[in-house]
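Structure, as structure tokens:
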Amino acid sequence: MARISGFIILLCLLLGCGTDEPSATRVMKNMESANASAVTKKVLVGWNEPISSAKFGLAPNPSIDGKTLAEVISSQKAGRDDGQLCSACHNQNDAQGGYGVPVAKNGASPNLKPTDMVYNKTWVGPGGWAERFVKNSTKPANVKAVVQAWIDNNYK
């Protein structure tokens, strides 16, 4: 009888241990959860906020770092690695992709606001220039990332 009682106690202990999750498993689950939330955290950028490549987990890039999206889009400053202004291709005489601001080639349009109509669209909202820009395979990836971060920030 003592032998059966000991066996029952041992069996109960083993079954009780089986319901607890090993601590190594809990640690791994916590790490996976932390990694998942870090990956899904969006970077947000404002229209007049200085851009930082580091904010996107990228190496410093003097072509765009310290500039604002407003300065780049309005061709006050270049944001591309090749140094071209947006108005080099999007101006009053050359509206590539259907987009051209009323300035000369390489001219700046410092008063351009994201809500201004340019060829029947604004930069904000569904179907606007910002959405078209990020979907365009010919645009520089670093500038597309910044425009997407601005969209994710509700065009603020």
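Can you tell me how the stretch 65-156 classifies by the Cα gyration tensor, rounded, prolate or oblate, using a/c under 1.5 as the rounded cut? Rounded, because the longest to shortest axis ratio a/c is under 1.5. On the beta carbon distance between residue 137 and residue 61, with R0 = 22 Å, the FRET formula returns roughly 0.65. The local environment of residue 140, defined by Cβ-Cβ distances under 10 Å, has a net charge of +1 under the rule Lys, Arg +1 and Asp, Glu -1.
Cα-Cα over 21 Å: which of 41/67; 105/135; 41/77; 55/156? Flagged as over cut-off: 41/67; 105/135; 41/77.
Each reported figure results from applying straightforward, stated rules to the coordinates on display, with no laboratory input. Only a predicted model underlies this, so the values are computations on that prediction, with no experimental measurement involved. We place every Cβ from the backbone using ideal geometry, glycine too, and count neighbours over all the protein chains shown.
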